[in-house]
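**Q** First the structure, which I've put down as structure tokens, then a few questions once you've had a look.
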């Protein structure tokens with residue numbers, strides 16, 4: 001169930017990214033943003049699975065919290081941190097220097 005929610009959150013994020021970039025630039029930028037999200041998801045899932053294999057047994061902690069679910073949870077946390085840093089950097093570029101100093 002947790003796995004399904006994480007996949008659903010990624011689908012919603014992909015639709016939101018496509019729509020935002022399509023409205024700001026064009027449809028090609030939308031597909032580029034979705035492609036970047038898929039790239040981050042696939043590489044991040046491989047890395048988080050590798051980390052979880054080192055730390056947790058195959059059965060995990062419960063029937064609904066196995067190693068695959070834990071790796072997806074770790075991936076979601078890493079993606080949230082990555083994208084929040086990117087959003088902060090983007091918003092910091094748009095703030096005038098006089099306002100930033102206050």
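**Q** Counting only residues that are closer than 17 Å to residue 12 by Cβ and touching a residue at least 40 places away in the same chain (Cβ under 8 Å), which one in segment 35-72 is surrounded by the fewest Cβ atoms within 10 Å (Cβ to Cβ)?
**A** Looking at residues that are closer than 17 Å to residue 12 by Cβ and touching a residue at least 40 places away in the same chain (Cβ under 8 Å), I get 40.
**Q** Tell me, which helices (runs of 4 or more DSSP H) lie completely within segment 20-102 with 1 or more residues that are in contact with a helix residue (DSSP H, G or I) (Cβ under 6 Å, 6 or more places away or on another chain) and at pLDDT 90 or above?
**A** 27-55, 67-94
The values are calculated or read from the model by the stated rules, or taken from the named source; none is laboratory data. These numbers come from a predicted model, not from an experiment. Backbone-built Cβ (ideal geometry, glycine too); neighbour counts: all protein chains shown.
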